[in-house]
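The values are calculated or read from the model by the stated rules, or taken from the named source; none is laboratory data. Please read all numbers here as calculations on a predicted model, not as lab measurements. When we count neighbours, we look across all protein chains shown, and the Cβ atoms used for this are built from the backbone with ideal geometry, even at glycine. To get the accessible areas, we keep the full protein, side chains included, count just its heavy atoms, and leave off ligands, DNA and RNA. Shrake-Rupley method; radii C 1.70, N 1.55, O 1.52, S 1.80 Å.
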Amino acid sequence: MPIMNLPKEKIPKKLKNGEIKVAVFGLGRIGLPTALLFAEKGVIVYGVDTQKSIVELIKAGNAHIDEPSLAELLKKVLENNNFFITSDSRDAMNKSDVAIICVPTPVKADKVPDYSNIIQVCNMGLRYLKRDDLIIVESTISPGTIENVMIPLIETNTGLKAGKDYGIACCPERANPGQIITNFRSTPRIIGGYTKKSTEITTALYQYITDAEIIQVSNDRTACAVKLTENIFRDVNIALFNELAILYEKLGLDIIEIIEAASTKWNFQPHYPGAGVGGPCLPANPYYLIQEAIKVGFVPYLIRMAREINDRMPQHIIELTLEALNQAEKSVKNAKIAILGVTYKPNVHDFQLSPAISIIQILTQLKAKLSIYDPLIRQEDISQLNFLQESNCMQSLEMAVKDSDCIIIITAHDEFKRIKLENLKKMTATPLIIVDGRNIFNLKEIPTDIIYIGVGRKKLM
Ligand code: SAJ
C-alpha cells in the first residue's frame, strides 16, 4: 500500500484493515512499546531486531525489559496474532509500508555520536524500501543526520529520492524510562518531515495510536533539535545545581533548603544535585548538537561545561567520602564501604553510564572493601557487568551495611528512603558515616552522633 499516495484521512481505515503495515526496527525500551502500541490497535506490525536472542524472548512472550504494563501489553498483542517478530529486516520491509526506526544512538568513548545502528538499518532493512513508503526516525539523532547520513545511503541502495519517491520524518521519542507506555499514550509528540507531505502522513499515523497532541514543526531537522534542546536544557540545569551544591558545601549552607525556598518563586525550575548524571540520554545527547555546532565553526561553551561538571560529580562523591572518613580518623584503604544503588535512576532496571560505575572503580583502586546493594540487580547483571562481582554484591541492604565504616547512597531507590538511621547505627561501625549522593535524608532528622554529608549539604559531627 503506497502510504505516501494516500489522502491522510484514509490512513486510519487502512491501518485498521491491515492494508498499511508497519515495521519497527529495534525492539528495545522504545521500539518494543512503539510496536505494541500500533499492534494493540490492530495494525499489522513486523518487529525487527538484529539480536536473535531478543527476537526469541519476545516471541516467547517475554518483554525482556522492565517497563510497567509492557508485559501485559505484549501478552495481549501476541493473542491478536498481528505482531510478527523477526530478525529478517528484508522480509519485514518487503511486507511493510512504514519503517519506524528505534535503534540506539549512543556516543563513542571520544564523545562522537555513533550512528552505526542507523547506518545498519539503512543498509539492511531500508535497502528494500519501496516507492511511496514512509520512514520515521524515533531514535535521537542530530539535525542533519537524515539529510547527510540516511538519505544518501538510501538513494545509493535503492535509487529512490527522498520526498519524491518516499517520505521520511523525525518523531523523536519523549518517554521517561519507567513510564514509557504512559508517556507514549499521553505525552505530545513532535513531528517534522523532510517534506510537508511526510509531516502530514506521519501525523496521521501517530494520531492513530495516541490521543496526545501532535506538534508539527517545520521539518525533520527542527524535530531533532527539539528533542536535543529538551535534554540539553535538563543536563545544563542539573549542572547548575551540581555547581551550586559544591559552592554551598563550602559556605556551610544546605542546597535542599535553598531549592525548597527558591521554588516558591513562580518561574524557578528546580533540579537537584547528585552523584552524577547517567542513562542513555542526558550524558550522550548534548554531544550530538556539539558535533553539529563544530561542523559550522561554533564551539558551544555552556553545553560542554555542563557535561564536564556533571561528569565530575562521581569524583566529588569520592572527595566527600574521603573527607567523612578523615573526620572519623579512618583511612579509605581497607575501609568497609557500603554502596547503595547502582542503576542510573531510581526504580529503573538500567545501568547505562550510571555514576555508580566510576565511584565503584575509583574506590576499588583506593583499596576500599566494597559491599554493593541495589534492589534491582539480578544475577545476570553480576555476570554481565564488569564492575560487579559475586563477592561484593549483597542480597540485602542489611548485609551490605553490616559493620560498614561508610555508607554511600548513589541511587535514590524508594527502599533507601525508608531507612531508619537509628536502626542503621546498630548495624554499622561507629560512628555511622553516610555520604548521601541523592540527598534522600532530611538534614533535621539526622542523629547528632553520626557523620552525614550530602551533595550541597554537610553535617559533620
Ligand atoms: N538527575 C540529577 N538531577 C536531577 C534530575 C536527574 O542528577 O535533577 C540525574 C539522574 O539521577 C540520572 C540522570 O540525571 O542519573 C538522568 O535522569 P533523568 O530523570 O533525566 O532520566 P532519563 O535519562 O531517563 O531521562 C529521560 C529523558 N527522556 C528522553 O530523553 C525521551 C528526559 O528527557 C526526561 O526529561 C526524563 O526521562 C524524565 O523527565 O524523567
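Considering only alpha-carbon pairs that sit under 8 angstrom and 6 or more positions apart, the relative contact order computed for segment 3-227 is 20 percent. Under 5 Å from the amide H of residue 24 lie the amide H atoms of 46, 47, 48, 100, each residue being 5 or more positions distant or on a separate chain, with H modelled from the backbone and absent for Pro and chain starts.
Positive contributions from Lys and Arg (+1) and negative ones from Asp and Glu (-1), summed over other residues with Cβ under 10 Å from the Cβ of residue 147, come out at 0. If you sort 272, 206, 194, 115 by accessible surface, 1.4 Å probe, largest first, the order is 272, 194, 115, 206. Name the aspartates and glutamates eligible as straight-distance cross-link partners of residue 227: C-alpha to C-alpha under 19 Å, and not fewer than 8 places from it in the same chain. Correct list for residue 227: 114, 138, 147, 173, 213, 235, 292. Distance from the Cα centroid of segment 285-354 to that of segment 400-445 is 20 Å (rounded to whole angstrom). A 1.4 Å probe run over the protein chains yields, for the chain, 43 Å² of accessible area per residue, whole-number rounding. For segment 3-227, taking Cα atoms only, Rg and Dmax work out to 15.9, 48 Å respectively. Here the relative contact order of segment 346-461, from alpha carbon pairs under 8 Å that lie six or more residues apart, stands at 19 percent. Accessible area per residue (1.4 Å probe, heavy atoms of protein chains only) ranks 380, 138, 9 as 9, 380, 138, with the largest value leading. Electrostatic tally near residue 48: other residues with Cβ closer than 10 Å to its Cβ, Lys and Arg +1, Asp and Glu -1, net -2. Placing +1 on the Cβ of every Lys and Arg and -1 on the Cβ of every Asp and Glu, with nothing else charged, gives the chain a dipole about its Cα centre of roughly 580 debye.
Just report the Cα centroid separation between segment 181-228 and segment 247-277, whole Å. Computed from Cα coordinates, the inter-centre distance equals 34 Å. Gap in Å between the Cα centre of segment 24-41 and the Cα centre of segment 361-391? If you average the Cα positions of each part, the centres end up 32 Å apart.
Beta-bridge orientation, the chain: approximately 10 percent antiparallel, per DSSP, counting only bridges with both partners inside. Rounded to 0.05, the FRET efficiency of the residue 347 and residue 5 pair, given R0 = 41 Å and the Cβ-Cβ distance, is 0.35. Given R0 = 51 Å, the distance between the Cβ atoms of residue 211 and residue 312 translates into a calculated FRET efficiency of 0.75. The distance between label points at residue 396 and residue 417 comes to 2.3 nm (points 7 Å beyond Cα on the Cα→Cβ vector).
Computed over segment 367-451, the Cα gyration tensor eigenvalues convert (square root of 5λ each) into semi-axes of 24, 14, 11 Å, ordered from largest to smallest. Each 10 Å bin, from zero up to the one with the longest distance, holds this percent of the alpha carbon pairs of the chain: 4, 19, 27, 22, 16, 9, 3, 0.
Each Cα pair of segment 319-364 feeds into the Kirkwood radius, which the Stokes-Einstein equation turns, at 20 °C and 1.002 mPa s, into a diffusion coefficient of 179 µm²/s.
Measuring against 28 Å, Cα to Cα, the residue pairs 8/59; 336/417; 14/161; 16/196; 108/458; 161/295 contain 8/59; 108/458 as the ones spanning a longer distance. Based on C-alpha pairs under 8 angstrom that are at least 6 apart in sequence, the chain has a relative contact order of 12 percent. Electrostatic tally near residue 124: other residues with Cβ closer than 13 Å to its Cβ, Lys and Arg +1, Asp and Glu -1, net -1. Each label point was placed 7 Å from the Cα along the Cα-to-Cβ direction; for residue 185 and residue 389 their separation is 4.6 nm. Going by accessible surface with a 1.4 Å probe and the largest first, 331, 142 read 331, 142. Compared with the direct C-alpha span, the chain from residue 91 to residue 148 gains 17.9 nm at full extension, assuming 0.36 nm per residue.
Placing dummy labels 7 Å off each Cα toward the beta-carbon, the span from residue 253 to residue 229 is 3.1 nm. In terms of overall dimensions, segment 303-454 has a Cα radius of gyration and Dmax of 14.6, 45 angstrom.
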